[in-house]
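Engineer: Take a look at the following structure, please.
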Amino acid sequence: MQKILFSRAVGAITVSAGLLMLSACQSRHNDPAPELVAKGQAISEQFVATLQPTLQAAMQTGGPVNAIQVCAVEAPRIAADLSASSGWTVNRVSLRARNQRSAVPDSWEAEVLADFDRRQLAGEPVGQLNTAEIVGDEFRYMQAQAAGALCLTCHGADISADVQAALDQHYPQDMATGYLAGQIRGAISVRTALD
Ligand code: HEC
């Protein structure tokens, strides 16, 4: 009898400690400083605003095969430049990564991407699909990116033979085709260490 009471008490203590920890985490997670959120958002927007015209110009001058070559060089370069100028780490990730070196999400990013998919299915517009959170000693921010009509040339279900050949050459382990218009292609992911 005593033994049972004891184990019940231990159980109750464990549960309440767990709840305490959970609520501590939640209050931290939900409370990043607005300046950090605004900066994360600004860096993500800058990434898109820099890459998009580069991609469009490359498509117009040399077609999609040329644009793949440009993208392969320019996308990582833009991410590196932005990381250097902001002091934050800037990257793009996807649950179906094309660039297996840079775009495979870590566990936090994978959870956020899965959550973006759920939120989109529940009707949230893609522009609003972002997450800002303090994770350990870092502030992290992600903004979803949907596949629009232009994107489907290289990420869609109906890829031309020359584009497919160029993708096979540069990205033999490509997982980033077969998307439908409007689906979430991936996200910009930025992070910075907290003082
Ligand atoms: C000309 C072909 C092409 C078009 C058009 C294109 N992409 Fe990509 N995309 C690529 C290539 C190539 C990469 C890999 C770049 C790298 O190596 O970092 C890539 C990578 C990405 C990534 C990074 C994650 C990953 O899987 O590597 C995202 C996110 C992405 N594209 C979204 C888009 C969106 C959104 C559009 C439309 C606005 C778009 N892409 C249009 C070729 C293209």
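Engineer: Only residues in the stretch 150-166 that are free of Cβ contacts under 8 Å to residues at least 60 places away in the same chain count as the first member; pair them with residues that are part of a loop (DSSP other than H, G, I, E, B) and within 6 Å of the ligand (Cβ to nearest atom), Cβ under 7 angstrom, at least 6 apart or cross-chain, and list the lot.
Structural biologist: 155/147; 155/176
Engineer: Any residue in the stretch 84-103 that's more than 8 Å from the ligand (Cβ to nearest atom): show its pairings with residues that are hydrophobic (A, V, I, L, M, F, W, C) and part of a loop (DSSP other than H, G, I, E, B) at Cβ separation under 8 Å, as long as the two are six or more apart or on different chains.
Structural biologist: Note: pairs meeting the criteria are 91/103.
Engineer: Whether any residue in the stretch 17-36 is open to solvent by less than 60 Å² (accessible area, probe 1.4 Å), in a helix (DSSP H, G or I) and modelled with pLDDT of 95 or more is what I want to check.
Structural biologist: Yes, the stretch 17-36 contains at least one residue that is open to solvent by less than 60 Å² (accessible area, probe 1.4 Å), in a helix (DSSP H, G or I) and modelled with pLDDT of 95 or more.
Engineer: Select from the stretch 180-194 the residues that are open to solvent by less than 40 Å² (accessible area, probe 1.4 Å) and in contact with an Asp or Glu (Cβ under 9 Å, 6 or more places away or on another chain) and write down the one among them that is farthest from the ligand (Cβ to nearest atom).
Structural biologist: Only one residue tops the list, namely 192.
Engineer: Taking the stretch 150-179, which residues are touching a Leu at 6+ places or on another chain (Cβ under 8 Å) and open to solvent by 70 Å² or more (accessible area, probe 1.4 Å)?
Structural biologist: 157, 158
Engineer: Please specify each residue of the stretch 67-83 satisfying the condition of being within 8 Å of the ligand (Cβ to nearest atom) and open to solvent by less than 50 Å² (accessible area, probe 1.4 Å).
Structural biologist: Listed by number, the residues that qualify are 67, 68, 70, 71, 72, 75, 79.
The values are calculated or read from the model by the stated rules, or taken from the named source; none is laboratory data. Remember, it's a predicted structure, so these values are computed and weren't measured experimentally. Glycine also receives a Cβ, built like all others from the backbone with ideal geometry; neighbour counts cover every protein chain displayed. With ligands, DNA and RNA removed, areas are computed over all heavy atoms of the protein, side chains included. Shrake-Rupley method; radii C 1.70, N 1.55, O 1.52, S 1.80 Å.
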